[in-house]
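Let me begin by handing over the structure; questions about it come next.
Only the coordinates and a few stated rules stand behind these numbers; no lab work does. The structure displayed is predicted, hence computed values, not measured ones. When we count neighbours, we look across all protein chains shown, and the Cβ atoms used for this are built from the backbone with ideal geometry, even at glycine.
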Amino acid sequence: MSNSITGLTRRKLLLGTAALGAAATAGVLVFGQSSKAAGHIQSSNPLKIPPLDAGRMQGNTRIYDLDIQHGQTEFFGGMKAPTMGINGSYLGPVLRMRQDEDIRINVTNSLDETATLHWHGFNLPAIADGGPHQIINPGSTWSPEFKVLEKASTMWYHSHLMGKTAEHVWAGIAGMIIVDDEPSSALDLPNNYGVDDLPIALQDRRFLRDGTMPYAPTMHDNMMGKIGDTPMANGTIGAWFDTTTSLVRLRLLNASNGSIYSIGFSDGRFFKKIATDGGLLAAPVDVQLISMGPGERAEIVVDLSDGKNVTLTHFVRISQSEVSPEFAFLELRPAANSTTSKPVPATLATLPPLNPEAATNTRRFDLDMRGMMGMGMGGGGFMINGEQMDMKVINHTIKKDTVEIWEIRNLSRMSHPFHVHNTQFRILDRDGRPPEPHEDGLKDTVLVLPGRSARILISFNHYTDEKVPYMYHCHILEHEDAGMMGQFTVV
Ligand SMILES: [Cu+2]
């Protein structure tokens, strides 16, 4: 029954014109094979689907009860690893909520150490954000409340403790959130949770022989972000899933600490990208490969009507026109008698036109890595505008309901996914060129390649707080922990 994932990738296929991710190339893209990917991992475990948590209603408020806890998780048969999770031993439930609802999340910290829980992607009061200032002490409960302002989207939550975010997320303090809204509910998109609509948290870990995955970053890990050699989907190694419909929607989240994934399918088939971080695109975009930095989400729909098994895979580029499989995340196995899904609608959402003329201010954020001496010893040279994160310093004060242009310049030799709290922005351009259609949607994280720049159109609405700041930072968690982060207030 266990079908080698790597067997599926041992093909060299010549494909049509490729629509690529951030590192786009026109022309023919070849999906090759890799000796490295021909490893020991087989698709031998059923994909874990996180429990769906719709909370409970109390009056007009939807209430969730979350418990951050220590646990033991069996990733490999017969071996247990100490982990952390939310309402479970590793990762957490998928929270489901609806636009315009008031919600309250009771977060109890059952760890023996402090933690936070940040609602990644939401426009919300600063005190409810769950960033480094909203510390939850061991044994106590934090109960943020906010209105769900976001459109239908795939969001997530994770610990954001100052200096310990990387360690906490590595251990498992993360989960996904599905937001629904009226317009998207009326669309014929796969939306049967756990059947044709699957949350897929993509991660990689490095295990010891005893089946544990301690967080002990080397200097190299601190510099590059900790990258494992074992891929996991929802904490499942070598995952497979039996599909029963011709179309399947995958809500992809890059929940890794430091890996930038290029996601496609083992046979190089095209699929439809339907949503960016903050919601549906105006129209589906046919792609062969999408690039995802830590923190980014992408909703995709894949057509399995040919009945062939296919594997969701992270590829690496080996030449201008050829990619090679690196990680096999999930094998999809279509049932012989799959039902035929309705086709993906040609129009998905209405996105307001970009209007850079509305911007009243431009800010520049220079991302840089300097002075690598001292890395791994609490020091390090990860900076934004020459400064490292200081909990006591507010780097920017922004006026509510104004539109700004933020220019993010990457002066370093590594890619950095730049994330801004409390907003969904749009990419104006990359090095002066408009964004490709597949990333021309609502975003809260933008991957900026070495030596490149991106300009985003950004605004902060609804909430002010003169004292409590929000964060902007690199979402490579080791970089964030090393100081590539800053603070702003909205007044
Ligand atoms: Cu970074």
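Looking at the stretch 391-451, which trypsin sites (Lys or Arg not before Pro) are in a loop (DSSP not H, G, I, E or B) and have at most 15 other Cβ atoms within 10 Å?
The qualifying sites are K392, K399, K400, R413.
Another question, if that's okay. Could you sort out which of K164/K272; K151/K226; K48/K80; K80/K272 sit more than 27 Å apart by Cα distance in this structure?
K164/K272; K151/K226; K80/K272
Now a separate question. Where does each of S185, S110 land when they are ranked from fewest to most other beta-carbon atoms within 10 angstrom?
The order, fewest Cβ neighbours first, is S185, S110.
What residue among I86, T402, Y64 has its Cα farthest toward the positive end of the dipole of the chain, where the charges are +1 on Lys, Arg and -1 on Asp, Glu, each on the Cβ?
The residue sitting farthest along the positive end of the dipole is I86.
Taking the dipole about the Cα centre of the stretch 356-490, with the C-beta of Lys and Arg at +1 and of Asp and Glu at -1, give me whichever of G386, A359, A482 is farthest to the positive side.
G386
Just in the stretch 193-264: which trypsin sites (Lys or Arg not before Pro) are loop by DSSP and have at most 10 other Cβ atoms within 10 Å?
The qualifying sites are R209.
Non-local amide H neighbours of F365 (under 5 Å, H modeled in plane, Pro and chain starts lacking H): which ones?
For F365, whose amide H was placed from the backbone, the distant partners under 5 Å are E407, I408, R409.
If you don't mind, another one. Can you tell me the FRET efficiency between D100 and S319 if r is taken as the Cβ-Cβ distance and R0 is 41 Å, rounded to the nearest 0.05?
Result of the calculation: an efficiency of 0.25.
With the dipole of the chain worked out from charges on the C-beta (+1 for Lys and Arg, -1 for Asp and Glu) around the Cα centre, which of G278, G268, N106 lies farthest toward the positive end?
G268
Quick one: net charge around G92, please, counting Lys, Arg +1 and Asp, Glu -1 for every other residue with C-beta under 14 Å from its C-beta.
-1
Let me confirm the definition first: pairs of Lys residues in the stretch 356-490, 8 or more apart or on different chains, C-alpha distance under 20 Å. How many are there?
Counting lysine pairs in the stretch 356-490 gives 4.
Based on other C-beta atoms within 10 Å, arrange F418, F75 from fewest to most.
Least crowded to most crowded, the residues run F75, F418.
Taking the Cβ of each residue in E407, E478 as the centre, tally the other Cβ atoms inside 10 Å and list the residues starting with the fewest.
In increasing order of surrounding Cβ atoms, one gets E407, E478.
Taking K and R as +1 and D and E as -1, what net charge do the other residues with C-beta under 13 Å from the C-beta of R104 add up to?
That sum, taken over residues with Cβ under 13 Å, equals -1.
Continuing with the same structure: Read phi for every residue in the stretch 232-240 and hand back ³J(HN,Hα) as whole Hz from Karplus 6.51 cos²θ - 1.76 cosθ + 1.60, θ = phi - 60°, with x for Gly and Pro.
9, 10, 6, x, 9, 8, x, 7, 10
Can you give the net charge of the other residues whose Cβ lies under 9 Å from the Cβ of M471, counting K and R as +1 and D and E as -1?
Taking every Cβ under 9 Å from that of M471, the sum is -2.
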